[in-house]
Amino acid sequence: MLKFLLAETPADGVLLIRLNRPEALNALNTALLGELATLLGQSATDSRVRAVVITGNDRAFAAGADVKEMAALNAVGVLQDARVAHWARIAAFPKPLIAAVNGFALGGGCELVMQADIVVAGRTALFGQPEINLGIIPGAGGTQRLIRALGKALASQMVMTGEPISAERALQAGLVSEITEPELTLERALALADTLAAKAPIALQQAKDVLAQAQETHLSGGLAYERKAFCLLAATDDRNEGISAFLEKRTPTYHGC
Ligand code: DAK
């Protein structure tokens, strides 16, 4: 039973997750993060789910961790915080994840955006890491992922000043893949999810895994990792289907095996 999320299946193979705490600008309290981690964990092994879109509402994707909840934690509480495990489970989601972002994506909200593989943003969306204004720093990967996504200068500016950047700037810097008019953001993200849902599922998961590896390792190690994944895909029925369909000039049908 979901309390802070809405989940629906707008098309075959596509799961749409809406963050649903509008009264708190979708602030990511522990319960919401736990629901998200569990839902993604279930979707990881559900062959009916081939791509996931995560979104908020017009005003906020998510305004960060729940500051009211955080206020009650001392150092030991932070160390033992259940959210650490929830974030790890979200990061481990192996299928394509698309973020459709309107309004504020701040703090943990911006960190959640960075967990997505593809990010579609409305023209008026704002991305920021304002933790410094609370006397803290990003705690769910913001410093590490932002610097990899945007480079040192802009990441440092965002983390140190706490000032958000526009969707346009986020696009130029590589945090966002596409910008749309705000009312078309979700539609575009769902169209991308539809496209992905028709691809070979194992190839998509391998692509995600290998792309993620590029953030973790040096070039020769990453190339070796890519080669192994490429060889593994040669053993799949879907690879035979993809090549046969091309040669026979028809649309492939993939079964994820
Ligand atoms: N937490 C709780 N409530 C929030 C909230 C938040 N992050 N952001 C907004 N709200 C609530 C407001 O308190 C207000 O509630 P009421 O007062 O009406 O009850 C309601 O949402 C509407 O917000 P405003 O009235 O403030 O709306 P405005 O349009 O005037 O301002 C704003 C919008 C987004 C500029 C402003 O609300 C704001 O500055 N919000 C806080 C943004 C922020 O500082 N975010 C970073 C939070 S720290 C960790 C992992 C991750 C993290 C930490 C640890 N571990 C794994 C250990 C992450 C930390 C963070 O994200």
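Here is a check on your reading of the model: is THR143 within 16 Å of the ligand (Cβ to nearest atom) and assigned to a helix (DSSP H, G or I)? Can you show your working first?
Numbers: within 16 Å of the ligand (Cβ to nearest atom): yes; assigned to a helix (DSSP H, G or I): yes.
So THR143 passes the test.
What do you reckon, is ARG83 crowded, with 16+ Cβ neighbours inside 10 Å, modelled with pLDDT under 95 and part of a helix (DSSP H, G or I)?
Judged against the criteria, ARG83 is a match.
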Tally of residues being under 13 Å from LYS95 (Cβ atoms) and part of a helix (DSSP H, G or I) across the range 182-199:
3
So how many residues does the range 5-26 have that are under 12 Å from ASN57 (Cβ atoms) and either open to solvent by 50 Å² or more (accessible area, probe 1.4 Å) or away from the ligand (no atom under 16 Å from the Cβ) (or both)?
5
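Matching residues to (1) touching a residue at least 12 places away in the same chain (Cβ under 8 Å); (2) open to solvent by 30 Å² or more (accessible area, probe 1.4 Å); (3) more than 21 Å from ILE118 (Cα to Cα); (4) not β-branched (Val, Ile, Thr):
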| position | (1), (2), (3), (4) |
| --- | --- |
| GLY41 | yes, yes, no, yes |
| VAL53 | yes, no, no, no |
| ALA62 | yes, no, no, yes |
| ALA72 | no, yes, yes, yes |
| VAL76 | no, yes, yes, no |
Can you tell me which residues in the range 122-137 are in contact with a Gly (Cβ under 8 Å, 6 or more places away or on another chain) and near the ligand (Cβ under 9 Å from one of its atoms)?
LEU126, GLY128, GLN129, PRO130, GLU131, ASN133
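The values are calculated or read from the model by the stated rules, or taken from the named source; none is laboratory data. In this text, all values refer to a predicted model and were calculated from it rather than measured experimentally. Heads up, the Cβs are rebuilt from the backbone with ideal geometry, glycines too, and the neighbour counts pull from every protein chain shown. These accessible areas exclude ligands, DNA and RNA; they are computed on the full protein's heavy atoms, side chains included. Shrake-Rupley method; radii C 1.70, N 1.55, O 1.52, S 1.80 Å.
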